[in-house]
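J.: Below is a structure I'd like to ask you about.
Quick note: the coordinates plus some simple rules give every number you see, no bench work behind them. Predicted, not measured: the structure shown is a model, and the values here were computed from it. Heads up, the Cβs are rebuilt from the backbone with ideal geometry, glycines too, and the neighbour counts pull from every protein chain shown.
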Amino acid sequence: MSLKERLGKEWLFCDGGTGTILQEKGLKGGELPETWNLTRRDDIKAVARAYFDAGCNIVNTNTFGANSFKYDNVSEIVTAAVKICQEARHEAGRDNDAYVAIDIGPTGKLLAPMGDLPFNDAVRIFSEVIKAGAEAGGDLVLIETMSDSYEAKAAVIAAHETCDLPVIVTTVYDESGKLLTGGSVEGTVAMLEGLKVDAIGVNCGFGPDKMIPIVKRLAACCSLPIVVNPNAGLPRTEGGKTVFDVGPDEFSSIMKEIASLGVHVMGGCCGTTPAHMAALIKEVSPLPFKEPVKKHGTYVTSFSECVEIGPKPVIIGERINPTGKKRFKQALRDNDVDYILTEGLKQEEAGAHILDVNVGLPEIDEPSMMENIVFKLQSVTTLPLQLDTTDIEALERGMRIYNGKPMINSVNGKREIIEAVMPLVAKYGGVLVGLPLDEDGIPETSDGRIKVAQKIYEAADEYGISRDDIVIDGLAMTISSDSTSAIATLDTVRRIRDEFNGHSILGVSNISFGLPARELINSHFLTMAMQNGLSCAIINPCNDHMMASYRSYCALMNKDPQCLGFINAYSEYKSDGTFGGASAGAAGTAASATSSAKLSLAESIERGVTGRAAEAMQEGISAGTDPLELINSELIPALDKVGQGFEKGTVFLPQLLMSADAAKAAFEVVKQSMADKPRQVKGKVILATVKGDIHDIGKNIVKVMLENYGYDVIDLGKDVAPETIVDAAIKDDVKVVGLSALMTTTVVSMEETIKLLREKKPDTKVVVGGAVMTQEYADKIGADAYSKDAMQTVRYCDEVFGVQ
Amino acid sequence: MPLGVSIPENEVKRYMGYRGPVDVSPETDAMIKKAVSFLEKGCSPKYVSKAFPVTVEGYSVKLADIVIESRALARNLAGCTECVLFAATAGMACDMLIKRAAVTSSAYASCCQAAGAAAIEAYCDLINEKIKSEYEAKGLFARPRFSPGYGDLSLEHQKDWFRLLDITRNTGIELTDSLLMVPTKSVTAIIGLSPDRLPCVKQGCEACTMSQTCAFSRKE
């Protein structure tokens, strides 16, 4: 029988530790264990043989760390490992009931954005191993000891794109039930179920006793067979040697207890031996076996957050969307990623649970933009995202690189759209928004919409997507053109809940197009929709009226324990209708305006009062003053004054930065008011932290200062290869490149970059900075200038561009 | 608090570039407090440590299967019979907070950056103290901790620390090809253990050969 037929139908047993046994056979600390597949074949075979003899059904190949970071001959090593394991199985007489698992461990590298390994490179590295293992005849892929769900996702995609073998994934949690990257048990299960693996579990980390609470949580949320492979207790060092304290008897008796929690596959990890497995199998195999039960939760996740749809309405922030927003369109055209990220962070602070991401604009490359924005957003916010696009390539690239299980907006009842979108959801996982419209248009009545919703649910069945992962849109359309439209929408929302036990979503503000005082209609409509069972509301969470409806509803409907959420949000509420509190504090600006109301633009910049600086600029523009005049007569002189103080040592860095932030906020007001007019810039400057270096705070400070002084900055980020910098300099004919490096070890890449620039773009000037940099060092590596801080870089650029 | 130790605000100010007694504006002070409280709550620190016998001959230090050539370390470890290697990290949340702050406010980003540096140092002090008292009970006295990249102890030895302690697997810290650690607020170190109690050992910036050029050196 195949493994797929047996998984979840009967007890199956994995093997135990390998590394710890090889150490006893003489493997040295730091020696790569997989080399033994070629040099000490018999020892490797003996370990596998002992596990087959002990009764294990799933025995791992010795390939945990076999990847191209560590080996030049990956495929040779993996092929040998599979062959050895097959021979051991044959010799043990277990050809018919035991399986050879291609063992996949973590790469040892952290994935970007936290680390430096790009997601698709990780997929490629896993693919090499899995391909070799599958070609050699492995029976399944066992991805184990994953402490980052993103890396697990890369390995699963690699497995599914390389072979048709069953895939089992086990991860490592700490005692609080979290992955190293912060993910929870529930979130990890949601993501892996979405990726359609065959079994999910937990391994390593600690002994069986401490795994019990985690196994309980797994059993409560997981619909797939559950795997439990603990260590033989916590490792301890004794005279430089690692030892484990839990012996076979104790191990098997705790495992017997775990077996009754709803587990289907059991084995061991570090420190466990064939004797542990034999004892485990003896204890557990006579116990009654319970098949996995389908659970009905709907989860949208990021790498660390897990939002459940159903228990209470979920707020989806709508602001990352260019529709009707000049400034946002401008940001997309200028690739002004920070502006887009700021829109996301503001919504998070205002109380959004999920962020909608729509970056479609006809004149830009939407697939690349979607991939980049998803990646960048996930490096600054833990909120899950809703990928909102009609471009299928953009959708796939976003879903692939997404860390977690996203929401997808959207599919509808048109066959062509179903056939484009549903296969992607079936492959990558996601909670899918279904619009109840089809080839015949938008049904006006709820009857018509329910009929199309039915069609969407059936299509999901066809593609193997759980109905729990479908959220139907009630289609809010303006009451100004059809006064019955709100009623049809509310009926649809209620019937989705009552007739399908399903979830619903609305783009709430569509209801009021063409009307004055839209927020009044919108917020009341939101309350009505929630009362009719709305699961997800796509709104602007920075709008006080909308959030007031939401918080009041939750407090009234017993969805806000002790009204704490409500009280926290409105403790400073004034009955004259000003809201205060919750949504007032914009992202990151801790500085509250203390007695700042009457500061001039110049004063507010000098003192670094961000909110007032923006306000003063707005007042100036509203009064009819030319923004450029305000910049030249107030903003720049104020910045200069602070900058000079900094150079003299009377002003410290934090004050300089606060002024820079205030100036930036004032500039943002100018940008808003001139979103469609060409800007005046002094010149273009490239900034980059060089290859190998990941410390970019200094570079970021320089960026803010240069922008404030009127430069257009092309920020290439950190860990940037020399070629990328040179290409960017050539592409836009950039006169000045600023490079930063923090460590002596990365100054080498700085030197390489300068060399390559001299060769390919000799007229570009290079200014360098960073903690280890000195004038002497800068001269040695051939830079044109050294800047000890951001102000000096500004002065240098002014010099190069001939500005006084 | 999940960090397990409080972050000293004076250290945060030092890392931010304040020197001597200065008036910190109320706005800046509020930002520092916000960053400190966020990190004290939001960090998920981890560490791994392992003890090894050690011998020192001239300027060579021998432990496990490695030989370290460093005058400064040899001086630090003179007379030690054992040592503890450790690696510690403030965790990923800290890096994310800094990145996030950089999008909206460079001033707040610099507070977070400095608070992160002070957080990992405070956490290392905590581990250091634990190791120190554990061994004092066995009659071994701890020397000040010493890190690769500090003085003349080459950063290349990061590779040895990662191999000997299996740091990536145990703590989630990754060593990049350029020998930097991710999460960035991470530390590797060695603590020498000697049967002799040494009074008043020079340590910290005062003992480091880089102190003349280092921007963060304690100079009063």
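J.: Suppose R0 equals 51 Å. What FRET efficiency, 1/(1 + (r/R0)^6) with r the Cβ-Cβ distance, do residue A:784 and residue A:447 give to the nearest 0.05? Walk me through the intermediate numbers first.
T.: On the way: r = 73 Å, r/R0 = 1.43.
With a Förster radius of 51 Å, E is 0.10.
J.: Size of the dipole of the protein assembly as shown about the Cα centre, Lys and Arg at +1 and Asp and Glu at -1 on the beta carbon, nothing else charged, in debye to 20?
T.: Values: 106 positive and 136 negative charges, 342 e Å.
Using Cβ point charges on Lys, Arg, Asp and Glu, the protein assembly as shown gives about 1640 debye.
J.: How large is ³J(HN,Hα) for each residue in the range A:63-72, as worked out from phi by the Karplus curve 6.51 cos²θ - 1.76 cosθ + 1.60 (θ = phi - 60°), to whole Hz, x for Gly and Pro?
T.: 9, 3, x, 7, 8, 6, 6, 9, 10, 8
J.: Compute the normalised compactness of the range B:94-192: alpha-carbon radius of gyration over 2.2 N^0.38 Å, N being the residue count.
T.: Values: Rg = 15.7 Å, N = 99, 2.2 N^0.38 = 12.6 Å.
Computed over Cα atoms of the range B:94-192, the ratio equals 1.24.
J.: Pairs of alpha-carbon atoms within less than 8 angstrom and 6+ residues apart define the contacts here; what relative contact order does chain A have, in percent?
T.: Numbers: 1577 pairs, mean separation 57.1, N = 804.
Value for chain A: 7 percent.
J.: Return the FRET efficiency for the residue pair residue A:392, residue A:795: r is the Cβ-Cβ distance, R0 is 45 Å, and the value is rounded to the nearest 0.05. Spell out each step's value before the answer.
T.: Details: r = 50 Å, r/R0 = 1.10.
Efficiency computed from Cβ-Cβ geometry: 0.35.
J.: To continue, here is another question. Taking a ≥ b ≥ c as the square roots of the Cα gyration tensor eigenvalues, with a/c under 1.5 meaning rounded and otherwise prolate when a/b beats b/c, else oblate, which class fits the range B:9-207? Let's see the in-between values first.
T.: Values: a/c = 2.14, a/b = 1.71, b/c = 1.26.
Taking the square roots of the gyration eigenvalues as a ≥ b ≥ c, the range B:9-207 is prolate.
J.: By how many degrees, between 0 and 90 and to the nearest 10, does the Cα long axis of helix A:636-648 differ from the longest principal axis of chain A?
T.: Relative to chain A, helix A:636-648 is tipped by roughly 60 degrees.
J.: Counting only DSSP beta bridges with both residues in the range A:3-284, tell me the antiparallel percent, nearest 5.
T.: Values: 4 of 29 bridges.
Counting only bridges with both partners in the range A:3-284, antiparallel ones make up about 15 percent.
J.: If you look at just the Cα atoms of the range A:204-253, how large are its Rg and its Dmax in Å?
T.: Using the Cα atoms of the range A:204-253, the pair Rg, Dmax is 13.2, 45 Å.
J.: Report, to the nearest 10°, how far helix A:185-194 tilts away from the longest principal axis of the Cα atoms in chain A, using its own Cα long axis and a range of 0 to 90°.
T.: Roughly 80 degrees, rounded to the nearest 10.
J.: Nearest 5 is fine: what % of DSSP beta bridges in chain A come out antiparallel, could you say? Walk me through the numbers on the way to the answer.
T.: Values: 8 of 77 bridges.
Counting only bridges with both partners in chain A, antiparallel ones make up about 10 percent.
J.: Next up: Which links in A:641/A:703; A:45/A:153; A:9/A:256 stretch past 24 Å when you go from one Cα to the other?
T.: Details: A:641/A:703 19 Å; A:45/A:153 30 Å; A:9/A:256 18 Å.
Exceeds cut-off: A:45/A:153.
J.: For the range B:98-157, what is the relative contact order in percent, using Cα pairs closer than 8 Å and at least 6 residues apart in sequence?
T.: Numbers: 24 pairs, mean separation 9.1, N = 60.
Averaging sequence separation for qualifying contacts and normalising by length gives 15 percent for the range B:98-157.
J.: Which distance in Å, rounded to a whole number, links the C-alpha centroids of the range A:232-280 and the range A:645-702?
T.: 56
J.: So what does log10 I(q)/I(0) come out to for the range A:683-800 at q = 0.16, 0.18 Å⁻¹, using the Debye formula with one equal point on every Cα and no solvent?
T.: -0.61, -0.80
J.: So what are the ³J(HN,Hα) numbers for the range A:652-659, from phi and the Karplus equation (6.51, -1.76, 1.60; θ = phi - 60°), rounded to whole Hz, Gly and Pro as x?
T.: Karplus values, whole Hz, x for Gly and Pro: 9, 3, x, 5, 4, 5, 5, 5.
J.: Hey, fewest Cβ within 10 Å first, where do A:563, A:85, B:80 land in order? Could you put the intermediate results ahead of the total?
T.: On the way: A:563 15, A:85 35, B:80 25.
Fewest-to-most ranking of A:563, A:85, B:80: A:563, B:80, A:85.
J.: Label points 7 Å out from Cα along the Cβ direction at residue A:296 and residue A:803: separation in nm?
T.: 6.3
J.: Calculate, axis by axis, the spread of Cα positions in the range A:1-142 along the three principal axes, and write the results as whole Å, longest axis first.
T.: The Cα atoms of the range A:1-142 stretch 45, 37, 23 Å along their principal axes.
J.: Count the net charge of all other residues whose Cβ sits under 14 Å from the Cβ of residue B:133, scoring Lys and Arg as +1 and Asp and Glu as -1.
T.: Values: positive: B:130, B:132, B:138, B:197; negative: B:125, B:129, B:134, B:136.
Overall, the nearby charge balance is 0.
J.: Obtain the nm distance between the two label points defined at residue A:675 and residue A:501 by a simple spin-label model: each point lies 7 Å from its Cα along the Cα-to-C-beta direction.
T.: So the label points at residue A:675 and residue A:501 sit 4.5 nm apart.
J.: Same structure again: Take the alpha carbon gyration tensor of the range A:601-673, find the square roots of its eigenvalues, order them as a ≥ b ≥ c, and report rounded if a/c is under 1.5; if not, report prolate when a/b exceeds b/c, else oblate. Working shown, then result.
T.: Details: a/c = 2.70, a/b = 1.97, b/c = 1.37.
It is prolate, given that a/c is not under 1.5 and a/b is the larger ratio.
J.: Related question: Figure the gain on full extension for residue A:97 and residue A:759 (residue separation times 0.36 nm, minus the Cα-Cα span) and round it to one decimal in nm. Don't jump to the answer; show the numbers that get you there.
T.: Numbers: separation 662, 0.36 × 662 = 238.32 nm, distance 6.41 nm.
Separation in residues times 0.36 nm, less the Cα-Cα distance, equals 231.9 nm.
J.: Where q = 0.07, 0.11 Å⁻¹, what log10 of I(q)/I(0) comes from the Debye formula for the range A:3-284, counting one point per Cα?
T.: -0.21, -0.56
J.: Shape verdict for the range A:308-568, please, from the Cα gyration tensor: rounded (a/c under 1.5), prolate (a/b greater than b/c) or oblate.
T.: Working: a/c = 1.38, a/b = 1.06, b/c = 1.29.
Rounded.
J.: Fewest Cβ neighbours within 10 Å first, please rank A:218, A:437, A:332 accordingly. If you can, show how the numbers build up before the last one.
T.: On the way: A:218 26, A:437 18, A:332 21.
Taking fewest neighbouring Cβ atoms as first place, the list is A:437, A:332, A:218.
J.: Could you give log10 I(q)/I(0) at q = 0.07, 0.09, 0.11 Å⁻¹ for chain A, computed by the Debye formula over C-alpha point scatterers of equal weight, without solvent?
T.: Debye output, listed in q order: -0.64, -1.00, -1.28.
J.: Just to verify a number: FRET efficiency for residue A:647 and residue B:75, C-beta to C-beta distance, R0 = 60 Å, to 0.05?
T.: Plugging the Cβ-Cβ distance into 1/(1 + (r/R0)^6) gives 0.95.
J.: Going by C-beta contacts inside 10 Å, put A:276, A:296, A:90 in order with the fewest on the left.
T.: Details: A:276 27, A:296 10, A:90 13.
In order of increasing Cβ crowding within 10 Å: A:296, A:90, A:276.
J.: Given the options A:182, A:460, A:656, identify the residue whose Cα lies farthest towards the positive end of the charge dipole of chain A (+1 on Cβ of Lys, Arg; -1 on Cβ of Asp, Glu).
T.: Result: A:656, furthest along the dipole toward the positive end.
J.: In addition: Using modelled amide H (1.01 Å from N, peptide plane; none on Pro or chain starts), what sits under 5 Å from the amide H of residue A:683, excluding residues fewer than 5 places away?
T.: Here the answer is A:712, since their amide H atoms fall under 5 Å of that of residue A:683.
J.: Moving to a separate point now. Filter A:70/A:131; A:295/A:405; A:28/A:70; A:691/B:46; A:405/A:671; A:109/B:50 down to the pairs with a C-alpha to C-alpha distance above 24 Å, please.
T.: Numbers: A:70/A:131 17 Å; A:295/A:405 17 Å; A:28/A:70 16 Å; A:691/B:46 28 Å; A:405/A:671 35 Å; A:109/B:50 22 Å.
Distance filter (> 24 Å) returns A:691/B:46; A:405/A:671.
J.: Counting only residues 5 or more places away or on other chains, whose amide H sits under 5 Å from the amide H of residue A:58 once H atoms are built in the peptide plane?
T.: A:13, A:14, A:15, A:99
J.: With axes computed from alpha carbons, what is the tilt in degrees of helix A:41-54 against the longest principal axis of chain A, rounded to the nearest 10 within 0 to 90?
T.: 70
J.: For each pair in A:326/A:559; A:210/B:130; A:718/A:765; A:178/B:159, compute the distance between the two Cα atoms and list the pairs where it is over 30 Å.
T.: On the way: A:326/A:559 38 Å; A:210/B:130 24 Å; A:718/A:765 20 Å; A:178/B:159 28 Å.
Pairs exceeding 30 Å: A:326/A:559.
J.: Positive end of the dipole of the protein assembly as shown, charges at C-beta (+1 Lys, Arg; -1 Asp, Glu), about the Cα centre: which of A:66, B:170, A:8 has its Cα farthest in that direction?
T.: B:170
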